[in-house]
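Visitor: This structure is in structure tokens; I'll ask about it shortly.
The values are calculated or read from the model by the stated rules, or taken from the named source; none is laboratory data. Since we're looking at a predicted model, the values are computed, not measured. Positions of Cβ are generated from backbone atoms using ideal geometry, with glycine treated the same way; all protein chains shown enter the neighbour counts. Ligands, DNA and RNA are excluded from the accessible area calculation, which covers all protein heavy atoms including side chains. Shrake-Rupley method; radii C 1.70, N 1.55, O 1.52, S 1.80 Å.
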Amino acid sequence: MRYSQALIPTVKEVPADAEITSHRLMIRAGLLRKLASGTYTYLPLGWRSLLKVINIVREEMNKSGAQEILMPAVQPIELWQRTGRDIDYGPTMARFEDRHGRQNVIAPTAEEVVTYLAAGEISSYKQLPMNIYQISFKFRDEFRPRFGVLRSREFIMKDAYSFHADAESLDETYRLMYETYCRIFKRCGLDYRIVEAEVGEMGGSGSHQFTVPCESGEDIIVSTEDGSYAANLERAAVDPLPKEKTGGKIPPMQDVHTPNIGSIEAVCAFLKTEPKEMIKTLIHADGDNVIATLIRGDHDLNPEKLTQTLGGKAAELANEATIEKASGAKVGFAGPIEISDKVSKLIIDHAVAAMTVGVTGANKTDYHVKNVVPGRDFPLEGDNVIVADIRNAVEGDTYNGKKLLFKKGIEVGQVFKLGTKYSEKLGAKFLDETGNEKPCIMGCYGIGINRILAAAIEIGNDDNGIVFPVSIAPFEVLVTCVNQDEKEVAQTAEKIYQQLLDNNIDVLLDDRQLRGGVKFKDADLIGIPVRVTVGRKSVAEGNVEIKLRRESQSQKVSVKEAADKTIELVNSLKEQLNR
Ligand code: ATP
Ligand code: MG
């Protein structure tokens, strides 16, 4: 491509909503333009990069034996009603009524449609296992689209779905996808971490996320110092805390008047105590079941862990009326004393069970209680009492005796063992060897194509612009002609450009009638990994300069050898990513 004719609108100014580096650079380097909140047009450089990511994903998926298909983005809502996910997805899933009054959704993902397909096409164990995937647009009406294409409303996803006769077969494909993902992210030049993840809305029994550690990530990766354990904060387990030592006998409980003082901070300020001395009582409800949870004042409840403790049933924070009924007090004054008699379950976090004494709500409006001893003043065991890990890991926690570290990361992909949730509800069944009908066991595997690009830029940049990995750069080589108005220089650049084209190198020729300085600035901004600089002085000596974007030194190469040397360099950069 010739720069003089290309749509590469580099700019100095960035919009105020571009909060993170990759978003700013994608706008500045002319990869992207915003259309509306969370929707973007990819310009030639951005789209070329995305296509390269897509190609890598497609190649590796095909190599794994998965088959590519394409499913509709507009889907009848009935399928989603059959799995209950029309409700689970809530306003994140966009819906519309067509001219015939039929309700449709715009696909945020495709478990329902693919399982419906399988229900029609799979009948025998002989067809299994089967792994099918697509690379297509998804729409999620995200509550807060931000960070450019990291969290957009419309995005491209590779979504794969596997169908199996038994759990071992699912394990095998899951492992294969896991390894395929490792190769994909490696080839895309990403430094990634694999972490255990929660299954969330998707349902199922196991999941891993592939994350790229970086400051702008929205996920928190928790790992042990030695790297033997890594999990998303939503899941990260912690060791129980050691029982605090008692400093002698604790006096009996005592009510304290705390008028209109309900929040942890306010109570602490009022009673001159610290959040870690407090016991928070949160009332949850799952239908008619009311569940009380106890968390230390300085800790956060982990809803995913609570769901696991409740056997996979998600409980929501209860409404005001339920809280007041269970505690007998206004919101802000619930406490553990005698609460186990009034709720269907009392779930106590390990850290609360380890406290010797605490301050908590009195189940009486405007009152708290001091000198509350877990085990003495409320039970730590019983029919409806469970002590469990239901909080988020924090700095200072350990797991398996090893210190936990916290890092932010971008989730670029996730793999799930789904089980039979979808196949049962949508009738994807097969006959096994003995002629018994069984639901297919499923797995699903997603990759955010746009997020790969944004994550690569997030970790690959410097003060001057993007530093692309060669595999997903819009072009592999940029030939910069410094003196376009001088015939010999222009001809030399043109010749090298043609030679590279002839050798299937993705090359951009900067043939614009501009000063060298401007061209170099743009070159650094758009981040093409190899630059061949053709200028008056070096051409007079029979040379050109070759420079890697990621290095500051350039090397002189004779005009004759320029193309060969460049090709060699591109190949060695590629090999580094394939190893
Ligand atoms: P998140 O937790 O970040 O919202 P998710 O877990 O809901 O993502 P999945 O359903 O696992 O996403 O989708 C598969 C992949 O699609 C994700 O790993 C991510 O890379 C990508 N993805 C999801 N939502 C978005 C989005 N709003 N914008 C860009 N990519 C996305
Ligand atoms: Mg995910």
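Visitor: Would you check which residues across region 8-48 are open to solvent by less than 30 Å² (accessible area, probe 1.4 Å) and under 20 Å from the mean Cα position of the chain (by Cα) and list them?
Guide: 18, 20, 22, 23, 26, 38, 39
Visitor: Still on this model: Any idea which of (1) under 14 Å from the mean Cα position of the chain (by Cα); (2) away from ligand 2 (no atom under 16 Å from the Cβ); (3) farther than 30 Å from residue 316 by Cβ is the one residue 212 doesn't satisfy?
Guide: It is condition (2) that residue 212 fails.
Visitor: For region 393-425, how many residues are open to solvent by less than 50 Å² (accessible area, probe 1.4 Å), more than 16 Å from ligand 1 (Cβ to nearest atom) and not hydrophobic (A, V, I, L, M, F, W, C)?
Guide: Within region 393-425, residues that are open to solvent by less than 50 Å² (accessible area, probe 1.4 Å), more than 16 Å from ligand 1 (Cβ to nearest atom) and not hydrophobic (A, V, I, L, M, F, W, C) number 5.
Visitor: Would you check which residues across region 435-488 are in a strand (DSSP E or B), open to solvent by 10 Å² or more (accessible area, probe 1.4 Å) and within 16 Å of ligand 1 (Cβ to nearest atom) and list them?
Guide: Passing the criteria: 446, 448.
Visitor: Here is a further query. From the list 193, 183, which residue is open to solvent by 70 Å² or more (accessible area, probe 1.4 Å) and under 14 Å from the mean Cα position of the chain (by Cα)?
Guide: Among 193, 183, only 193 is open to solvent by 70 Å² or more (accessible area, probe 1.4 Å) and under 14 Å from the mean Cα position of the chain (by Cα).
Visitor: Answer yes or no as to whether residue 73 is modelled with pLDDT under 95, open to solvent by 20 Å² or more (accessible area, probe 1.4 Å) and out of contact with any helix residue (DSSP H, G or I) (no Cβ under 9 Å at 6 or more places or on another chain).
Guide: Considered against the rule, which asks whether it is modelled with pLDDT under 95, open to solvent by 20 Å² or more (accessible area, probe 1.4 Å) and out of contact with any helix residue (DSSP H, G or I) (no Cβ under 9 Å at 6 or more places or on another chain), residue 73 comes out as no.
Visitor: For region 369-392, enumerate the residues that are among the hydrophobic types (A, V, I, L, M, F, W, C) and either open to solvent by 30 Å² or more (accessible area, probe 1.4 Å) or within 16 Å of ligand 2 (Cβ to nearest atom) (or both).
Guide: 380, 386, 387
Visitor: Could you say whether any residue in region 86-106 is assigned to a helix (DSSP H, G or I) and crowded, with 17+ Cβ neighbours inside 10 Å?
Guide: Yes: one or more hits.
Visitor: Considering only strands (runs of 3 or more DSSP E) fully contained in region 326-434, which possess at least 2 residues that are of a type in the set (Gly, Ala, Ser) and under 37 Å from the mean Cα position of the chain (by Cα)?
Guide: Because the criterion is at least 2 residues that are of a type in the set (Gly, Ala, Ser) and under 37 Å from the mean Cα position of the chain (by Cα), the strands (runs of 3 or more DSSP E) in region 326-434 that meet it are 402-419.
Visitor: Let me ask something else about it. Pull out all pairs, ordered by first then second residue, where Cβ-Cβ is under 6 Å, the residues are six or more apart or on different chains, the first lies in region 461-472 and is on the phi > 0 side of the Ramachandran plot, and the second is of a type outside the set (Val, Ile, Thr).
Guide: 465/524; 465/525; 465/527
Visitor: Could you tell me which residue of region 497-535 is farthest from residue 454 (Cα to Cα), considering only residues that are over 42 Å from the mean Cα position of the chain (by Cα) and open to solvent by less than 20 Å² (accessible area, probe 1.4 Å)?
Guide: Of everything passing the filter in region 497-535, 535 is farthest from residue 454 (Cα to Cα).
Visitor: So which of 528, 567, 546 ends up being within 30 Å of residue 190 (Cα to Cα), modelled with pLDDT of 95 or more, of a type in the set (A, V, I, L, M, F, W, C) and part of a loop (DSSP other than H, G, I, E, B)?
Guide: 528
Visitor: Report those strands (runs of 3 or more DSSP E) wholly inside region 162-265 carrying at least 2 residues which are within 16 Å of ligand 1 (Cβ to nearest atom) and polar (S, T, N, Q).
Guide: 206-213
Visitor: Going through 78, 19, 13 one at a time, which residue ends up being among the acidic types (Asp, Glu), on the phi < 0 side of the Ramachandran plot and modelled with pLDDT of 95 or more?
Guide: Residue meeting the stated conditions: 78.
Visitor: In addition: Kindly provide the set of residues from region 139-151 that are within 15 Å of ligand 2 (Cβ to nearest atom) and either outside any strand (DSSP E or B) or surrounded by fewer than 20 Cβ atoms within 10 Å (Cβ to Cβ) (or both), ordered by number.
Guide: Those that are within 15 Å of ligand 2 (Cβ to nearest atom) and either outside any strand (DSSP E or B) or surrounded by fewer than 20 Cβ atoms within 10 Å (Cβ to Cβ) (or both): 140, 142, 150.
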